[in-house]
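Each remark here refers to the structure printed beneath this line.
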Amino acid sequence: MKNIVKKYPDGFLAVNDVSIDVADGEFMILVGPSGCGKSTLLRMIVGLEDITDGDMIIGGDRVNDLAPRERNLAMVFQNYALYPHLTVYENIAFPLRLAKTHSEEEIDKKVRAASKTLELDENLERKPGNLSGGQRQRVAMGRAIVRDAQAFLFDEPLSNLDAKLRGQMRTEIARLQKRLGITTVYVTHDQTEAMTLGDRVAVLKHGLLQQLATPRELYENPVNLFVAGFIGSPPMNFLPATVEGTEVELPFGTVSIPQEKADRIGDRGKGKTLIAGIRPDYFEDASVVDESKRGQGSTFRATVDVTEWLGNEAYAYVPYEASDEVQAQLEQLERDLDGESVRSQMVVSLDASSTISDGDEAEIWVDPSRMHLFDPESGDNLTLG
Ligand code: ATP
């Protein structure tokens, strides 16, 4: 996608100059809150939506003016769009029969090969209604495979499923995509899906590409407040911060950041309150941090409001006060994030062995070297190079 623009007939700019290069065989995720333009972008790749400006290039060919069927892409729909009265075999064979380009023998060969790859060979005579969600998903993918499509496109395929099935299907899709090695573009609003499935993830907001990076890079080095708040669960904590050299004053005390981070911020932090971004897992119960690590961070005392113990880890919630200026910026961020709460309490991730409990005044350890500092106006992450 080169400088892709989509302006709807009513004048609404849904996609604003987006460039994304999907590598051969790559699993690319388009993610963002409702209305960010991700479905519009996917529909432009498939050819279901006109492209206002820019170049859509697939396998070296500009496809802007090609009809959907000439692009040779396979869209796997949310509800799988299987025909309930047809067998699995006939469902998979359907696109080939429709195209009228293959003999009966060739169709049979392709359907059997695809169903073998998808481990559906024992279910060929069954109807979709009698299959599990995972099997149905595989039938839908089988249809895409027999067509030798150049790429798979998914638009929120798991959003109608319950949490458990969604988890299973996610693993299934990831496994198949890796095995088949087919270039895939997958749209979701769910950051967990994005992080677990994607080789790379494109984060969109209001039709603008915010960051295109690996899940790890997005988590460790978000370019702005929006990406920082969108990626990660529970979300990153945002606190008011004033910076003086390497010293950062936070609501719970003063911590030191590495010199190189302070250098990157430079004068941009002078005379204003920045927004510090600290992920829950940058904290720990100070009593379980070993001696060697302890000195690399700072400890502070905090009154814990509520704790949640999840078995493998625990969370503590610590209230804090933010200035009006920071509150205003965070309110805007909450609107951008579809109402996700990011204000006035700090989530601290604790080791499962921690004995901190509700109402305790606890000693908390934090690793400030991983902390981010954002400009309150632009939202830019000032700690990145
Ligand atoms: P969701 O997750 O809710 O589906 P999305 O990120 O996929 O959201 P799109 O469906 O791509 O969003 O829509 C992007 C924006 O374009 C939205 O603000 C939407 O209201 C607008 N939009 C979509 N279709 C049209 C249309 N036909 N005419 C005008 N505006 C449209």
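In table form, for the structure just shown:
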{"quantity": "Filtered residue count, segment 52-99, keeping only those that are among the charged types (D, E, K, R) and open to solvent by less than 30 Å² (accessible area, probe 1.4 Å)", "calculated": "1"}
{"quantity": "Hits in segment 175-232 (condition: more than 16 Å from the ligand (Cβ to nearest atom) and of a type in the set (Asp, Glu))", "calculated": "Asp199, Glu217, Glu220"}
{"quantity": "Qualifying positions in segment 239-292 - of a type in the set (Ser, Thr, Tyr), over 27 Å from the mean Cα position of the chain (by Cα) and under 17 Å from Ile364 (Cα atoms)", "calculated": "Thr254, Ser256, Ser287, Ser292"}
{"quantity": "Leading residue by the ranking (nearest to Thr87 (Cα to Cα)) among those in segment 114-130 that are part of a helix (DSSP H, G or I) and without any contact (Cβ under 8 Å) to a residue 24 or more places away in the chain", "calculated": "Asn130"}
{"quantity": "Test result for Lys110, open to solvent by 40 Å² or more (accessible area, probe 1.4 Å), touching a helix residue (DSSP H, G or I) at 6+ places or on another chain (Cβ under 6 Å) and either within 16 Å of Val187 (Cα to Cα) or without any contact (Cβ under 8 Å) to a residue 60 or more places away in the chain (or both)", "calculated": "yes"}
{"quantity": "Residue selected from segment 114-155 under the condition within 16 Å of the ligand (Cβ to nearest atom) and among the hydrophobic types (A, V, I, L, M, F, W, C), by the criterion nearest to the chain's Cα centre (by Cα)", "calculated": "Phe154"}
{"quantity": "Matching entry among Arg69, Arg43 (being touching an Asp or Glu at 6+ places or on another chain (Cβ under 9 Å) and in the same structural domain as Val201 (by TED's automatic domain parsing))", "calculated": "Arg43"}
{"quantity": "Condition met for Asp285 (of a type in the set (D, E, K, R), closer than 29 Å to Ile356 by Cα and open to solvent by less than 40 Å² (accessible area, probe 1.4 Å))", "calculated": "yes"}
{"quantity": "Residue count, segment 332-377 (criterion: touching a residue at least 24 places away in the same chain (Cβ under 8 Å), under 22 Å from the mean Cα position of the chain (by Cα) and open to solvent by 50 Å² or more (accessible area, probe 1.4 Å))", "calculated": "4"}
{"quantity": "Number of the condition not met by Leu158 [criteria: (1) open to solvent by 10 Å² or more (accessible area, probe 1.4 Å); (2) within 16 Å of the ligand (Cβ to nearest atom); (3) aliphatic (A, V, I, L, M)]", "calculated": "(1)"}
{"quantity": "Asn312 touching a Pro at 6+ places or on another chain (Cβ under 7 Å), of a type in the set (S, T, N, Q) and modelled with pLDDT of 90 or more", "calculated": "no"}
{"quantity": "So Ala163, is it within 22 Å of Glu193 (Cβ to Cβ) and either free of Cβ contacts under 8 Å to residues at least 24 places away in the same chain or open to solvent by 60 Å² or more (accessible area, probe 1.4 Å) (or both)", "calculated": "yes"}
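The values are calculated or read from the model by the stated rules, or taken from the named source; none is laboratory data. Just so we're clear, the structure is a prediction, and the values are computed from it rather than from any experiment. Cβ coordinates were reconstructed from backbone atoms using ideal geometry, including for glycine residues, and neighbour counts include every protein chain displayed. Keep in mind that these areas ignore ligands, DNA and RNA; they rest on the heavy atoms of the full protein, side chains included. Shrake-Rupley method; radii C 1.70, N 1.55, O 1.52, S 1.80 Å.
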